[in-house]
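To start, the structure itself, in structure tokens.
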Amino acid sequence: MKKLIVGIPTSLILMMSSCTATLQEFQDRSNGDDTEEVSDNDDSTEEVVEDTEEESPEDDDSETDEDTSSNDNESEESNDEEDSIDEEEDETEDEETEDNDTVNEEQVIDEPLTLDDLPEEVIQEFVRLNERTESLENRLNNLERHLNEAEDEISRLYDSLGNRVSSSSDDEEETEVDEREDVEVFDTSDGRGSRSEPFDVGDTVAIEVFEYSNGFNRVFGTAEITIDNIVVGEEADEILQEESRFNEDAPDGYEWAVISMTFYLDSFEDEDMSIGVTDSISIVSENGSSVPNEYALPPRPLTYTEVYSGGEVSGNVAKLVPQDEPFLIYFDTFKAEDLFFLYDGENISSLDEQDSESEEEVDQDENEEENNETEEDNNEEDNEEEENSEEDNSDTEEDSEEE
């Protein structure tokens, strides 16, 4: 019964209760014996009414909550609609602002500024910069004029000294050629240069050399090799120790030798190719035994160098040699034929003596050049004096003729 009554309005329940009471009274009157049952029904009816009264406020509250939530949803929807409308209005305003800016930019581009539209300070700065530009242009023109005058003066001086410069350069070339011509060059055509018939230290020997091209083909040429000097023993030890404290002493039975050599590439089949020159020399004892190949750092070491046709390289090599014995120097760098030099201890000078001799030769050459220049200057002065005297004589003759 309670389950059926839930959700029915209170007024309808009261009406039903009254109808039930009236019906009960009618039954009581008709059936007097059923009094107890009627009382039970009244109790049950009262319980139903009470339960209905208790549940009805909850239903009213739920209905109120539903109404409130619906109202809240409606208010939120209305707020969302208002926000969307505001956003659309803002976007419209932004688009209108961009259009106005574009129109203003187009107007600015279409209407260029003039001096009258600029502030007074800007106009004054413009005038100042214009004057500065004109001043710089004038200075540039003056510098160009002075430069042209200087070039003309240089050309005049060069023309006047051209003969002297060309003659001096010719003299230098002739001197270099003479120096090469003064060197006596040996070759190996007669069998010399072998181990059984070596050259002496100080000889210049022409040999055939080669280098590999990029295609691994041999390119041949002619080079001149000279063993200029050899220093051995205590003097060599002093030289090496002065050069580097890391140079070690020679082992027992050997001593250090400082060998000076020169490599000159006289000709090469390919002028665009070079040949690599190193300190690749070996020491062989007189009885044919090899010598340990130890290393020491000499002064002015001969390191790997690329030499083209007409080029020259020289330097020193430090090697272990048999102590107090003659030995052979075997040159073995990119050669087409063997080449041996013999050291016998008789034709050797110290490096200091060699350096002093080379310095004396340089001083002699410089003195000769100075003397030649002095003679040329004196000759030029004499020629100028003769020309001046001739001009004076011609002027005197003209004056006398006029008188």
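What follows draws every value from the coordinates through simple rules; no lab data is involved. Source: prediction; values computed, not measured. In this analysis, Cβ positions are derived from the backbone assuming ideal geometry, glycine residues included, and neighbour counts consider all displayed protein chains.
Sorting the segments 242-252, 281-291 by their mean number of nearby beta carbons within 10 angstrom, highest to lowest, gives 281-291, 242-252.
Going 7 Å from the Cα of GLU337 toward and past its Cβ, which residues in the stretch 249-271 have a backbone nitrogen under 20 Å from where you end up? Correct set: 262-270. Each principal axis of the Cα cloud of the stretch 187-353 was evaluated for its coordinate range; sorted largest first, these ranges are 46, 35, 29 Å.
Spacing of the modelled spin labels on SER135 and SER282, each 7 Å from Cα toward Cβ, amounts to 8.0 nm.
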